[in-house]
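Enquirer: Before we start, here is the structure in question, set down as structure tokens.
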């Protein structure tokens, strides 16, 4: 499955980052691109409950998010209408295989196991692990510096193992919100998480009391995924992503949602 290491971000304006998925396919659709395009619509399955990537605006109820805007930009570049079909994460791949939609736009990590079964576009997101400290802490400049320190981690996440392997003592927490609270209170020294989760937290809350002090060696890439046999579609989407990377569109969308470019060089 896609990385679910963003933590449980309730309180602190973080409710909904990893909201639980709903039931079956809702069939919700939205579109962009050139009206009256001669090509068929490009359809994507997505959760619609996965902020800030794919969720509903609380004021308008419109489907929005980083992945949604990237998909719409791809459609515009290709001159194809883009529609979305909402489904819970565990059913997204089954829906694609049943040909309810062409592909999936939902921060799907590119792994060898998935590449053996599906076709991926080039990545439009590159995420890394980051070490977070209090803003006034200058003792951490690399992952190696967490050795001997106490790190607040969700025990079920892969970041707990990263902290342990680096020599940190792990303090179990329920999610990122609690980890940040303990960090700011001085009860732990660091926390390690996905940079997308931290950037979203910093962008959403404006919290200046913590900072990203270092990166880990962990890195993942996320792309649009399609059925085998849809190689032509994946190539078209990859070509559009390359153009969007070159002309700065991906960087602009990234800045809107995360405050920095997370599209990575691979998208180009």
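Enquirer: How many nm separate the modelled label positions at residue 100 and residue 58, each set 7 Å beyond the Cα in the direction of the Cβ?
Expert: 2.8 nm
Enquirer: The stretch 124-146 to the stretch 204-266: how many Å between their Cα centroids?
Expert: With the stretch 124-146 and the stretch 204-266 each reduced to a Cα centre, they are spaced 20 Å.
Enquirer: Would you list 212, 110, 68, 253 from fewest to most Cβ contacts within 10 Å?
Expert: On the way: 212 14, 110 18, 68 25, 253 22.
Going from least to most buried by this count: 212, 110, 253, 68.
Enquirer: Additional query: At residue 209 and residue 184, where each label point lies 7 Å from the Cα along Cα→Cβ, what is the point-to-point distance in nanometres?
Expert: So the label points at residue 209 and residue 184 sit 0.4 nm apart.
Enquirer: To continue, here is another question. Say each of residue 138 and residue 228 gets a label point 7 Å from the Cα, pointing the same way as Cα to Cβ; how far apart are those two points in nm?
Expert: Result for the modelled spin labels: 5.7 nm.
Enquirer: Taking the Kirkwood radius as the inverse of the mean 1/r across Cα pairs, report the Rg/Rh of the stretch 126-218. List each step's numbers first, then the result.
Expert: Numbers: Rg = 11.5 Å, Rh = 12.6 Å.
For the stretch 126-218, the value is 0.91.
Read-outs throughout are calculated quantities, based only on the coordinates presented, and are distinct from any laboratory measurement. This one's a predicted model, so the numbers in the text were calculated from it and none came from an experiment. Neighbour counts run over all protein chains shown; Cβ positions are idealised from the backbone, glycine included.
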